[in-house]
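Q: One structure coming up, written as structure tokens, with questions to follow.
The values are calculated or read from the model by the stated rules, or taken from the named source; none is laboratory data. Not measured: the values here are computed from a predicted model. Reconstructed Cβ throughout: ideal geometry from the backbone, glycine too, with neighbour counts over all protein chains shown. Calculation scope for accessible area: heavy atoms of the full protein, side chains included, ligands and nucleic acids excluded. Shrake-Rupley method; radii C 1.70, N 1.55, O 1.52, S 1.80 Å.
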Amino acid sequence: MKLDQMVRSVYPNLTPYTCSLADLPVEEMKQVLGLEQVYKLSFNENPLGPSSKALNAMQQALSQLNLYPSSSGEAVQGKIAEKEGVLPENVILSNGADEMIILVAQTFLEPEDEAIIPEICFVQYMASTYLMGATPVFTPMKADLGIDLKAILQKITEKTKVIFLCNPNNPTGTVIPADELQAFIKQVPENVLVVIDEAYHEFADGDGYRSSVELVSDFANVFVIRTFSKVYSLAAARIGYGIGQAALVDAINHVRPPFNVNSIAQAGALASLDDAEHVAESRRINQFGKQLLCKTLDELGLSYLSSQANFVCVNTGKDGQEVFDRLAERGWIVRKLTGYGLNSSLRISIGRPEEMEAFVEVFKEVLSK
């Protein structure tokens, strides 16, 4: 069998998702490191865990596993629409935010098209662009590693179909000021889709940030992506959603597989949306941990990016791999950023208060050597 003659031409640009140490489940990390206790601060997971209301709803839904779920998730669509001040036909569900990005690519990108992507951004945008045989066009970041909207505008050509933005951005945690983003969208041609990934929306609490959902009614080419993986703690359930004008949502529905979101995830999402206390506690824990970490970084004289997400990007001033390895030896797993060319930087997810109190002491010790 000559596999290279059978696969699609995009095959060389695609690689399977392979798990490095930072990607493994905690139990596997323990086995690899030979440690009894490991703390995972590499995946931007919510350390609080799911809402008890969500867990109860999901448990009850297990009794109907023999039945297919709602194909489009009408109940969840309706609840999201009510919460966001839009109509149900403006909402579409997906198997996590990752699938929504793929669905966008499948709907709009063809081999001759281009998608513009900031060079330090979530990698799924690039992967989905390559999947469709389209060309990713990368734009440089600002000196402060913020997303450079002017640089993006300069890259728009007749081939541009999609612009991917992450706000707050992963892995930097920075945000695009709302007034700048709206002015940018006004300059983007109407036949270019602006996708705004707001996976960390619920953690954004600083000046300048506003959700782009409020722009959907005025701009037919704006599509916002959200997820239940972060503040709602349903990462393993795999459920995300998108918000856009009805015609745009209908176009994506043409390629969305039926039953792409299982009934357990739908039940959990529906209950999570009704648990404001869980969201508030998740944000409180995140704020405490972030403040503690940043206070420590200030004491150490390290530079870091002001984050409106549930992680902090810090420049260690040392070899990032070396610092990563030393932390891992002690059971603390963070995220290296060498793939972005940030060789001395690490992305540190925010854990529970007691975890962050322990982490900062270990971090001080590691950096002192």
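Q: With springs only between Cα atoms under 10 Å apart, run a GNM on the chain and tell me which of ALA265, ALA204, ALA220 wobbles the most.
A: ALA220
Q: Starting from the amide H of SER345, placed 1.01 Å from N in the peptide plane, find each other amide H under 5 Å away whose residue is 5 or more places distant or on another chain.
A: THR316, GLY320, LEU337
Q: For region 241-353, with all protein chains present and a 1.4 Å probe, just round the carbon and sulfur fraction of the accessible area to a whole percent. List each step's numbers first, then the result.
A: Values: 2240 of 4490 Å².
It is 50 percent, rounded to a whole number.
Q: Given a Förster distance of 35 Å, report the FRET efficiency between ARG284 and ASP144 from their Cβ-Cβ distance, rounded to the nearest 0.05. Write out the running numbers ahead of the final one.
A: Details: r = 28 Å, r/R0 = 0.80.
Computed FRET efficiency for ARG284 and ASP144 comes out at 0.80.
Q: Can I ask one more? Could you give the length gained by full extension between SER63 and LYS295, i.e. 0.36 nm per residue of separation minus their alpha carbon distance, to one decimal place? Intermediate values should be presented prior to the final figure.
A: Values: separation 232, 0.36 × 232 = 83.52 nm, distance 4.79 nm.
Going from the current span to full extension adds 78.7 nm.
Q: Give the shape of region 205-297 as rounded, prolate or oblate, defined through the alpha-carbon gyration tensor: a ≥ b ≥ c are the square roots of its eigenvalues, a/c under 1.5 means rounded, and otherwise the shape is prolate if a/b is larger than b/c and oblate if not. Mind dumping the intermediate values first?
A: On the way: a/c = 2.62, a/b = 1.44, b/c = 1.82.
Oblate, because a/c is 1.5 or more while a/b does not exceed b/c.
Q: If only Cα atoms are counted, what is the Rg of region 1-113, and what is its Dmax, in Å?
A: My reading of the Cα-based Rg and Dmax gives 20.3, 54 Å.
Q: Where does the Debye-calculated log10 I(q)/I(0) of the chain sit at q = 0.09, 0.10, 0.14, 0.15 Å⁻¹, using only Cα point scatterers of equal weight, no solvent?
A: -0.53, -0.66, -1.29, -1.45
Q: Mind jotting down the distance between the C-alpha centroids of region 304-334 and region 224-254, whole Å?
A: Value for the Cα centre distance between the two parts: 30 Å.
Q: Also, I was wondering about something else. Share of region 90-224's accessible area from carbon and sulfur, percent, 1.4 Å? Mind showing how you got there, number by number?
A: On the way: 2460 of 5070 Å².
For region 90-224, the apolar C and S fraction of the accessible surface comes to 49 percent.
Q: Quote to one decimal, in nm, the extra length available between GLN154 and ASN343 on full extension: 0.36 nm per residue of separation minus the C-alpha distance between them.
A: Details: separation 189, 0.36 × 189 = 68.04 nm, distance 2.80 nm.
In short, 65.2 nm is gained.
Q: Rounded to a whole number of µm²/s, how large is the Stokes-Einstein D of region 72-208 at 37 °C and 0.692 mPa s, given Rh as the Kirkwood radius over C-alpha pairs? Display every interim value, and only then the final one.
A: On the way: Rh = 15.8 Å.
For these conditions, the coefficient is 208 µm²/s.
Q: Helix-only estimate, please: 222 nm mean residue ellipticity of the chain, summing -39500 (n - 2.57) across DSSP H runs of length 4 or more and dividing by its residues, to the nearest 500. Intermediate results must be reported in sequence, preceding the final value.
A: Details: 12 runs with 135 residues, N = 369.
Calculated mean residue ellipticity at 222 nm is -11000 deg cm²/dmol.
Q: May I pose another question? For a label point 7 Å from the Cα of VAL7 along Cα→C-beta, name the residues of region 104-138 whose backbone N is under 17 Å from it.
A: It comes to 127-134, nothing else.
Q: May I ask you to evaluate 6.51 cos²θ - 1.76 cosθ + 1.60, the Karplus curve with θ = phi - 60°, for each residue of region 97-112 and list the ³J(HN,Hα) values in order in whole Hz, giving x for glycine and proline?
A: For region 97-112, the Karplus curve yields 5, 4, 5, 4, 4, 5, 4, 4, 4, 5, 7, 10, 9, 10, x, 8 Hz.
Q: Please report the antiparallel percentage of the DSSP beta bridges confined to the chain, to the nearest 5. Before the final figure, lay out the partial values.
A: Details: 18 of 37 bridges.
Antiparallel: roughly 50 percent of the beta bridges in the chain.
Q: Can you figure out the FRET efficiency of GLU329 with SER71, using R₀ = 45 Å and their beta-carbon distance, to the nearest 0.05?
A: 0.40
Q: Which net charge results for the neighbourhood of SER20, defined as the other residues with beta-carbon distances under 10 angstrom from its beta-carbon, given Lys and Arg at +1 and Asp and Glu at -1?
A: Details: positive: ARG335, LYS336; negative: ASP23.
Local net charge: +1.
Q: In Å², and per residue, what accessible area does the chain have when probed at 1.4 Å with the other protein chains present? Show your work: numbers first, answer last.
A: Working: 16870 Å² over 369 residues.
Here the per-residue accessible area is 46 Å².
Q: Using the Karplus curve 6.51 cos²θ - 1.76 cosθ + 1.60 with θ = phi - 60°, what ³J(HN,Hα) values do you get for each residue of region 80-87, in whole Hz, with x for Gly and Pro?
A: Each residue's phi maps through the Karplus curve to give 5, 4, 4, 5, 9, x, 10, 9 Hz.
Q: Could I have the simple spin-label model distance between GLU36 and THR135, label points 7 Å from Cα toward Cβ, reported in nm to one decimal?
A: The two pseudo-label positions are separated by 5.8 nm.
Q: Mind giving me the nanometre distance, one decimal, between the label points for PHE259 and LEU87, set 7 Å out from Cα along Cα→Cβ?
A: 3.0
Q: Please give me the summed charge of the neighbours of ALA75: other residues whose Cβ is under 12 Å from its Cβ, Lys and Arg +1, Asp and Glu -1. Let's see the in-between values first.
A: Working: positive: LYS79; negative: GLU74, GLU82, ASP274.
That works out to -2.
Q: Could you pull the Cα extents of region 133-238 along its three principal axes, largest to smallest, in whole Å?
A: 40, 31, 28
Q: From the backbone phi of region 192-200, what are the Karplus-calculated ³J(HN,Hα) couplings (6.51 cos²θ - 1.76 cosθ + 1.60, θ = phi - 60°) in whole Hz, Gly and Pro given as x?
A: 3J(HN,Hα) across region 192-200, in whole Hz: 10, 7, 9, 9, 10, 7, 10, 4, 9.
Q: Take the alpha carbon gyration tensor of region 322-369, find the square roots of its eigenvalues, order them as a ≥ b ≥ c, and report rounded if a/c is under 1.5; if not, report prolate when a/b exceeds b/c, else oblate.
A: Values: a/c = 2.20, a/b = 1.43, b/c = 1.53.
Note, shape of region 322-369 comes out oblate.
Q: Additional query: Taking a ≥ b ≥ c as the square roots of the Cα gyration tensor eigenvalues, with a/c under 1.5 meaning rounded and otherwise prolate when a/b beats b/c, else oblate, which class fits region 1-65?
A: Values: a/c = 2.87, a/b = 1.45, b/c = 1.97.
In terms of gyration-tensor shape, oblate.
Q: What's the ranking of 161-168, 190-197 by average number of surrounding C-beta atoms within 10 Å, highest first? Present the calculation step by step, with values, prior to reporting the outcome.
A: Values: 161-168: 25.2, 190-197: 19.5.
Averaged packing, sorted descending, gives the order 161-168, 190-197.
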